[in-house]
Amino acid sequence: MPAQLYSLLRPAPRTHLALLTLAVLVGLSACGGGKGGPEAASASASAAKPAVQLLVSPEDILTVGQSGAVGRGTLITGAIVPEKRADVRAELGAVVQQVLKENGDAVRRGEVLVKLDEATVRDSLNAAEESLRASTLSFEQSERQLQRVKSLQAQGMVSQQAAEDAEVRRNNANSDVLAAKARVVNARQQLQRTEVRAPFDGVVVERKVSVGDTVQVGRELLKVMDPRTLRLEGRVSADQLRDLRVGQSVRYSLNGYGTQRFEGRVQRVDAVANASTRQVEVVVALVGDAPTVAGLFAEGEVLTQTEAAQGKLVLPEGTVQALGGKSVVWRLGADSTLQRVEVQVDELDARHGWWPVKAGVQAGDRLLRNPTASLSPGQSFRLGGAGAAVVKPASSVAAPAPAASAR
């Protein structure tokens, strides 16, 4: 057999077969590029990818209108103090025997708070009463003597001078009786002062003595206040005095109560400014759910009548996003999808951290309290239970890598 024919009939090497197979596959791919190319494969994969869903907890939902209507007015700072308060002091010098009330105890008017040693005062009372009895006996004796002298004078048996002398002795004895009575009354008053009593119904707010202490006249023993008479005593700048009126609404916050807001009304505006600070004191009567703790620092605003009547809805600073020069919020739709809503807001109130809203949302709308930049309109959500946190989108969580093929 010729060598040329033998070379044509013998099998091709494996390398040549692999190259031939690869060429056929490339050709088929080129022929079907219009329908089954990489773009179609990518679109198919995107269509199969599930939509991102957010789990929203109740803590992350803000209902518009919960913060109430606000207005901008005169800044007021001050403290919550009781109108009815008293520093109970000792009215005589003595040793403290008993302290019957502690801080926070409720007291009734006339109830004994502190007992002082009464031994010395009782001895003085006994001495005064003995002096009164002696003076009374002396007065009665001088009175009988005067009557006898007058009877003898009528009979001409004694002189006029003797009658006058008897009458002088009777008058002196009467003066001694009156003086003794005054000493008895004073001693009894001192004895009563050994029992320090509550001046009105209220609460003990500060105890300043203990058993065994020696107190002098005027020493402070306790502080008592009536918590039902709490009010805000604040100060405003004198240059804003022209905007203040009795009866204006006041909204204020308290140190220790977080973002909770309280209501009040202007009760009195002092007519004289402080000579050092040039501030005017304003007394505000508490309204509604008033605080029950005195001494707390308060800060708020006195609203004008127009601002208080109109009011505005407010949104926390973190609820509003800046997007393309516009302000937007994310509303939770009834169809369980997110809606991006453009809102019109006034100037940010940096002191309270809220945006007064002019348009875009209504009272009752449910918004995301702190939206993120990864949200998109139409994105679905579902509500979680109490205490649930917002779940990050699945795309932001790294999925586990597929297991490598054994081959």
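The values are calculated or read from the model by the stated rules, or taken from the named source; none is laboratory data. Only a predicted model underlies this, so the values are computations on that prediction, with no experimental measurement involved. Cβ atoms come from the backbone with ideal geometry, glycine included; neighbour counts cover every protein chain shown. Accessible surface areas use protein heavy atoms only, side chains included; no ligands, DNA or RNA. Shrake-Rupley method; radii C 1.70, N 1.55, O 1.52, S 1.80 Å.
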Practice item. Using the Cα centre as the reference, give the magnitude of the dipole from point charges on the C-beta atoms of the stretch 137-250 (Lys, Arg: +1; Asp, Glu: -1; all else neutral), rounded to the nearest 20 debye. Key: 180 debye
Exercise for review: Could you provide, to the nearest whole Å², the per residue accessible area of the stretch 181-332 with probe 1.4 Å?
Suggested key: 53 Å²
Revision key, fill the gap. Once Lys and Arg are counted +1 and Asp and Glu -1 for all other residues with Cβ under 15 Å from that of GLY288, the total becomes +3
Practice item. Report the convex hull volume per residue for the stretch 313-383, counting only C-alpha atoms, in Å³. Key: 94 Å³
Check your understanding: Hey, what did the stretch 222-351 get for relative contact order, percent, Cα under 8 Å, at least 6 apart?
Key -> 23 percent
Review point. Non-local amide H neighbours of GLU83 (under 5 Å, H modeled in plane, Pro and chain starts lacking H): which ones?
Key: THR229, LEU230, ARG231
Practice item. With θ set to phi - 60°, apply the Karplus curve 6.51 cos²θ - 1.76 cosθ + 1.60 along the stretch 261-276 and write out the HN-Hα couplings as whole Hz, x wherever there is a Gly or Pro. Key: 10, 10, 10, x, 9, 5, 9, 7, 10, 5, 8, 10, 7, 5, 5, 8
Study note, to complete from the structure: Computed over the stretch 112-175, protein heavy atoms only, probe 1.4 angstrom, the accessible area per residue in square angstrom equals 63 Å²
Revision key, fill the gap. Percent relative contact order for the stretch 89-218, counting Cα pairs under 8 Å at least six residues apart, stands at 55 percent
**Study point:** Where labels lie 7 Å past Cα in the beta-carbon direction, separation of ASP239 and ALA119 in nm
**Key:** 6.7 nm
Practice item. May I ask for the net charge around GLU195, where only other residues with Cβ less than 13 Å from the Cβ of GLU195 are counted and Lys, Arg are +1 while Asp, Glu are -1? Key: +2
Point to revise | For the stretch 239-335, Kirkwood radius (reciprocal of mean inverse C-alpha pair distance, Å) | key: 16.5 Å
Study note, to complete from the structure: So, with points 7 Å from each Cα along the Cβ direction, the VAL293-ARG188 label distance in nm works out to 4.7 nm
Exercise for review: Kindly identify the stretch 70-182 as rounded, prolate or oblate by the Cα gyration tensor criterion: order the square roots of the eigenvalues as a ≥ b ≥ c, call it rounded if a/c is under 1.5, otherwise compare a/b with b/c, prolate if a/b is larger, else oblate.
Suggested key: prolate
Review point. Which ³J(HN,Hα) values, rounded to whole Hz and listed in residue order, are derived for the stretch 142-152 from phi using the Karplus coefficients 6.51, -1.76 and 1.60 in 6.51 cos²θ - 1.76 cosθ + 1.60 with θ = phi - 60°, glycine and proline given as x?
Key: 5, 5, 5, 4, 5, 5, 5, 5, 5, 5, 5
Revision key, fill the gap. Using the Kirkwood formula on alpha carbons, the hydrodynamic radius of the stretch 142-255 in angstrom works out to 22.1 Å
Study note, to complete from the structure: In the structure shown, of LYS84/LYS208; LYS115/LYS208; LYS115/LYS181; LYS326/LYS358, the pairs separated by more than 24 angstrom at the C-alpha atoms are LYS115/LYS181
